[in-house]
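A.B. asks: Below are the structure tokens for one structure; questions will follow.
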Amino acid sequence: MTEIHLNRRGINSIEVPDEVEATPGSDLVLRIINHGSPLHITLASPNSSAFTGFFHENLYVSRSEEFSIPIRENGYPGTFNIEVIAGYGTRKAEFRVVVRERAAPEPEPVEVPATPAVPATSMRWRSSVPVLLLAAAALVLYVLWLVYRVDLLNAAAFAVLLIGVVLAWLRQRS
């Protein structure tokens with residue numbers, strides 16, 4: 001919140017900050033504090049059209065007022081000025097509004113589940129033993145078919161090899 005002080009140092013005196021910051025999609029809130037008798041002031045910004053729809057406003061300030069200037073959601077970084085005018089134009093103060101890019105949100109930390117320790121004898125080796133035995137049996141049956149030319153041995157070698165492939169595929173999926 002930006003504070004603007006009126007009538008603190010004398011009649012129609014205006015005290016404003018040198019510079020304030022805003023981000024796209026936020027509101028620049030001006031808290032106007034009057035330390036003397038009530039007065040009319042004018043807020044104006046001739047160079048703010050790229051950042052806000054605000055251009056000009058007349059306010060009556062008796063003690064304290066809040067005034068919001070919406071900054072456009074799609075605004076880009078840059079600056080514009082706001083003028084505070086009192087005493088029917090006899091006193092004027094100006095400050096700069098710096099529109100900064102919104103800081104990127106920090107990514108939330110991702111919890112990585114702890115991996116269990118690998119046992120000394122790998123489960124992968126143990127789970128592949130039946131498949132290797134079936135492949136060896138298929139090889140033996142195929143060699144026997146080559147020696148004796150009995151077609152039943154060839155079919156048995158093919159069936160055992162097919163069972164080994166299916167078993168390996170099922171173990172890989174789980």
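A.B. asks: Say we join alpha carbon atoms closer than 10 Å with springs in a Gaussian network model of the chain; which of Pro46, Pro70, Pro109 then has the biggest fluctuation?
C.D. replies: Top of the fluctuation ranking is Pro109.
A.B. asks: Springs between alpha-carbon pairs under 10 angstrom, Gaussian network model over the chain: which of Asn58, Asn154, Asn47 fluctuates most?
C.D. replies: Asn154
A.B. asks: In the stretch 2-99, what percentage of the DSSP-assigned beta bridges are antiparallel, given to the nearest 5?
C.D. replies: Percentage antiparallel, nearest 5: 75.
A.B. asks: Tell me the net charge near Glu94. Cut-off is 13 Å between Cβ atoms, Glu94 excluded, with +1 for each Lys or Arg and -1 for each Asp or Glu.
C.D. replies: Summing Lys/Arg as +1 and Asp/Glu as -1 gives -1.
A.B. asks: GNM, the chain, Cα, under 10 Å: largest mean-square fluctuation among Val29, Val97, Val140?
C.D. replies: For the chain, modelled as a Gaussian network with Cα springs under 10 Å, the answer is Val140.
A.B. asks: Looking at the chain only, what percent of DSSP beta bridges run antiparallel? Nearest 5 please.
C.D. replies: Restricted to the chain, the bridges split so that about 75 percent are antiparallel.
A.B. asks: In degrees from 0 to 90, rounded to the nearest 10, what is the angle of the helix 151-173 Cα long axis to the longest principal axis of the chain?
C.D. replies: Compared with the principal axis, the helix lies near 20 degrees.
A.B. asks: Taking log10 I(q)/I(0) by the Debye sum over Cα atoms at q = 0.08, 0.10 Å⁻¹ straight from the coordinates, which label in (i) -0.49, -0.58; (ii) -0.24, -0.38; (iii) -0.33, -0.47 is the correct one?
C.D. replies: Computed from the coordinates, log10 I(q)/I(0) by the Debye sum over Cα atoms at q = 0.08, 0.10 Å⁻¹ corresponds to (i).
Every number here is computed from the coordinates shown, using simple stated rules; none is lab data. Just so you know, these numbers come straight off a predicted model, no measurement behind them. Note: ideal-geometry Cβ built from the backbone for every residue, glycine included; neighbour counts use all protein chains shown.
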